[in-house]
1. Going residue by residue through region 122-135, is there one that turns out to be assigned to a strand (DSSP E or B), within 18 Å of the chain's Cα centre (by Cα) and within 20 Å of Phe213 (Cα to Cα)?
2. Scan region 100-117 residue by residue and report those that are touching a helix residue (DSSP H, G or I) at 6+ places or on another chain (Cβ under 7 Å) and within 15 Å of the ligand (Cβ to nearest atom).
3. Is it the case that region 298-314 has a residue that's of a type outside the set (A, V, I, L, M), within 16 Å of the ligand (Cβ to nearest atom) and open to solvent by less than 20 Å² (accessible area, probe 1.4 Å)?
4. May I ask you to list the residues in region 159-193 that are of a type in the set (Ser, Thr, Tyr) and within 16 Å of the ligand (Cβ to nearest atom)?
5. Among the numbered conditions (1) in contact (Cβ under 8 Å) with a residue 40 or more places away in the chain; (2) open to solvent by 10 Å² or more (accessible area, probe 1.4 Å); (3) within 16 Å of the ligand (Cβ to nearest atom), tell me where Ile217 comes up short.
6. Please go through region 141-183 and pick out each residue that is open to solvent by 20 Å² or more (accessible area, probe 1.4 Å) and touching a strand residue (DSSP E or B) at 6+ places or on another chain (Cβ under 6 Å).
7. When you look at Arg241, is it open to solvent by less than 60 Å² (accessible area, probe 1.4 Å), of a type in the set (Lys, Arg) and within 16 Å of the ligand (Cβ to nearest atom), yes or no?
8. With the condition kept exactly as written, say whether any residue in region 265-284 is open to solvent by less than 30 Å² (accessible area, probe 1.4 Å), among the hydroxyl-bearing types (Ser, Thr, Tyr) and within 15 Å of the chain's Cα centre (by Cα).
Amino acid sequence: MDKQLLSRTAAAMVARGKGILAADESSGTCETRFKTVRADCTEQNRRAYRGLLFGTPGVEQFLSGVILFDETIRQKSDDGTPFPQYLAKKGIIPGIKVDKGVVDIPLSPGEKITEGLDGLSKRLEEYFQMGARFAKWRAVITIGEAIPTHTCLYANAHALARYAAACQAASIVPMIEPEVLLNGSHTIERCEEVTEACLRATYAALAAHNVSFEHLILKTSMVVSGKECPRQAGVDEVAERTVRALKRTVPAAQPGVVFLSGGQSDVAATAHLNAMAAMKNLPWPLTFSYSRALQNPALAAWRGQPGNVGAAQSAFHHRAQMNGLAAQGKWKPELEKQAA
Ligand code: 13P
């Protein structure tokens, strides 16, 4: 465990004005996303699409890191450079998704547990050799009638802690992602309560597994109203409740917190981050680690056509820039109109 390397990596991941691109969609998720723009989900097309994102001129000003999928970390850019080295040359830290997705929890209807612990240490060694310096594991928490249960919160916290310990032992920064899903008709109050319970369970498990708080990054969902809830909370309320839940549960020793977008609109994800980052005296830097909220306009512009690469890169550059400003509390809605 190289603590200096872990500290350097974690600090660089949350450097001021920068955030992280999540480009670690599994091939199944990619297929769903590509279908929306009628692009064929072949290995070559996935490589071409990721390559256009990574190769966007100037995007390194706003990106500290990229989360790769196992297939992508083994692919090369057009000039034949393996993607991890290609990113590192641009000053972007390569990361890797190491979980193997979710399955149903037996005897806990409607709840999920994340798999991927078997053989994880060996895989981390290989990923480190390939250049990965941080690794993501996503746990999924669903809000519904009588769920999440204690069983679900603790099973997921335990898995997150075991993965985080394995990462730190391999000198790879764990990016711990317990995602409370947006889906459902629950209120924002309920979301806040569940987010707090989830984070509390997660940090208790991390401590029990000797995970060092100084050498990890939390990737969390925001506290928002359920997608089908009749009362949709505004930007300030989302920001206040999210920061309150984090302050109650996340140790100040931690180098930073990043957010997932979770199905929020592109601009809502930016506005929420901006409102939080503008708050005074936060114990940690806050920034983005979005997939959909960074990629949606780029994917829509690309549509699988090589002739659209330039338009897709402009769209991606714009969202990365807007979120880079939001991470400093310097974004304004007018900036979106100027670009349109
Ligand atoms: P979204 O920003 O699309 O939620 O994706 C982030 C992520 O990494 C999910 O695991």
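1. Taking every residue of region 122-135 in turn, at least one turns out to be assigned to a strand (DSSP E or B), within 18 Å of the chain's Cα centre (by Cα) and within 20 Å of Phe213 (Cα to Cα).
2. Answer for region 100-117, where residues must be touching a helix residue (DSSP H, G or I) at 6+ places or on another chain (Cβ under 7 Å) and within 15 Å of the ligand (Cβ to nearest atom): just Thr114.
3. No, region 298-314 contains no residue that is of a type outside the set (A, V, I, L, M), within 16 Å of the ligand (Cβ to nearest atom) and open to solvent by less than 20 Å² (accessible area, probe 1.4 Å).
4. Of everything in region 159-193, just one residue is of a type in the set (Ser, Thr, Tyr) and within 16 Å of the ligand (Cβ to nearest atom), namely Tyr163.
5. (2)
6. Pro148, Ala155
7. no
8. yes
The values are calculated or read from the model by the stated rules, or taken from the named source; none is laboratory data. As the structure is a computational prediction, the values presented were derived from the model and not from experiment. A quick note on method: Cβ atoms are made from the backbone with ideal geometry, for glycine too, and the neighbour counts reach across all protein chains shown. For accessibility, only protein heavy atoms count, side chains too; no ligands or nucleic acids. Shrake-Rupley method; radii C 1.70, N 1.55, O 1.52, S 1.80 Å.
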